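Colleague: Questions regarding the structure given below will be posed in turn.
The values are calculated or read from the model by the stated rules, or taken from the named source; none is laboratory data. Just so you know, these numbers come straight off a predicted model, no measurement behind them. Virtual Cβ from ideal backbone geometry, glycine too; neighbours counted across all protein chains shown.
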Amino acid sequence: MARFASSFLFFYSCVVESEIVLPSFAKINWRLRVLGKRDDGFHELSTIFQTVSLADSLGFSDSDELSLETDSPTVPADGSNLVIRAARLLQEEFGVGRGARITLSKRIPAPGGLGGGSSNAAVALLGLSVLWGLEPDFPTLCRLAARLGSDVPFFLYGGTALGSGRGTEIETLPEASEKFILIAAPDIAVPTAAAFAALGAKRLTKTDPESILKLCRCDAAGFLRRPRELRNDLETTVNRLFPEIGRVRERLLEAGAAAVLLCGSGASVFGLFDKKETRQATLEALGSETDWRLFAVATVSRDEYRSALGPCRRLFPISF
Ligand code: C5P
């Protein structure tokens, strides 16, 4: 049987006996366009991010030492984990002498193209700022987040947002709303760097930031007019490298998904459904796929995202 879980929209942060517990949401990309290869080796992107109601949980409490415990055998708990790297960046930036005991309960497949590690890093920046009584301004948080990874700054915003540059330049967009999404995560680890490399993208021809931004905003306007016109430039390459991922796509379409797309660099794939019943029937039909994890989710808006991160709300700007 495939393992499946329903993820509900309401995730709460809480403070219990001085432990701050925060949800760390996953993302999908409605669109991911690779514009070309940059001189720094990264790719210039025009992408539209969306937070969804699948979440890990992170707990932060006071300690002299910095430590991380996780319930996931696939996630390292040492200094290579983005959560520890986020903690060290904050310590350096603000001269913090204290440590923290951090616990991470994983539900987001890792790796899976759902931004789990990036989300954890952003939530660590937020949670530890509160735990340590820091007052970072929002641009400082965004700068630290971009040092941790291309997807990390988005998780300081949540909701629906345009990502440009490496993916680190974020502009909020009017919210997209889909209630019946199904994410299928086959047991495949797609190395992000290898997926980008296999794409064989040409060097960026336009390097003027203004004209690139114009193009990205034009993509975003197209998305707002036709939100179900999905696009991921990595998909064909990743499906060629891992044919099983193409099979996930086909099975979701056969089962009645209105639109299907690879999540980031994969291996997860999401399908959009018009009705809860069709999604439920698909969950049951895919139950025979022993190596796929299935998650019934919905979009999480920016307001819902910020509410769920309750104790950190003071770190967000009043409006973006
Ligand atoms: O930024 P992050 O560490 O998440 O990126 C992982 C890898 O994905 C990078 O080392 C790079 O090879 C590739 N990447 C890229 N262009 C981007 C984002 C990621 O080539 N915009």
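Colleague: I'd like to check something: does region 110-131 contain any residue that is at pLDDT 95 or above, within 24 Å of V16 (Cβ to Cβ) and not in a helix (DSSP H, G or I)?
Modeller: no
Colleague: Looking at S24, S7, S13, which one is at pLDDT below 95 and touching a helix residue (DSSP H, G or I) at 6+ places or on another chain (Cβ under 9 Å)?
Modeller: Within the list S24, S7, S13, the selection yields S13.
Colleague: Taking region 203-233, which residues are within 16 Å of the ligand (Cβ to nearest atom), part of a loop (DSSP other than H, G, I, E, B) and at pLDDT 95 or above?
Modeller: Within region 203-233, just D233 meets the criteria.
Colleague: Next up: Restricting attention to region 262-269, does a residue exist that is outside any helix (DSSP H, G or I), closer than 16 Å to A298 by Cβ, in contact with a helix residue (DSSP H, G or I) (Cβ under 9 Å, 6 or more places away or on another chain) and of a type outside the set (G, A, S)?
Modeller: no
Colleague: Oh, and also: Give just the number: which of (1) part of a loop (DSSP other than H, G, I, E, B); (2) within 15 Å of I170 (Cα to Cα); (3) away from the ligand (no atom under 16 Å from the Cβ) does T140 not satisfy?
Modeller: T140 satisfies all of (1) part of a loop (DSSP other than H, G, I, E, B); (2) within 15 Å of I170 (Cα to Cα); (3) away from the ligand (no atom under 16 Å from the Cβ) except (1).
Okay, residues lined up against (1) under 24 Å from G158 (Cα atoms); (2) in a strand (DSSP E or B); (3) more than 16 Å from the ligand (Cβ to nearest atom):
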position: R249; (1), (2), (3): no, no, yes
position: L252; (1), (2), (3): no, no, yes
position: V260; (1), (2), (3): yes, yes, yes
position: G271; (1), (2), (3): yes, yes, yes
position: E277; (1), (2), (3): no, no, yes
position: E284; (1), (2), (3): no, no, yes
position: C312; (1), (2), (3): yes, no, yes
position: F320; (1), (2), (3): yes, no, yes
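Colleague: Could you pull out the residue among R98, R33, R85 that is in contact (Cβ under 8 Å) with a residue 24 or more places away in the chain, over 26 Å from L199 (Cβ atoms) and under 21 Å from the mean Cα position of the chain (by Cα)?
Modeller: R85
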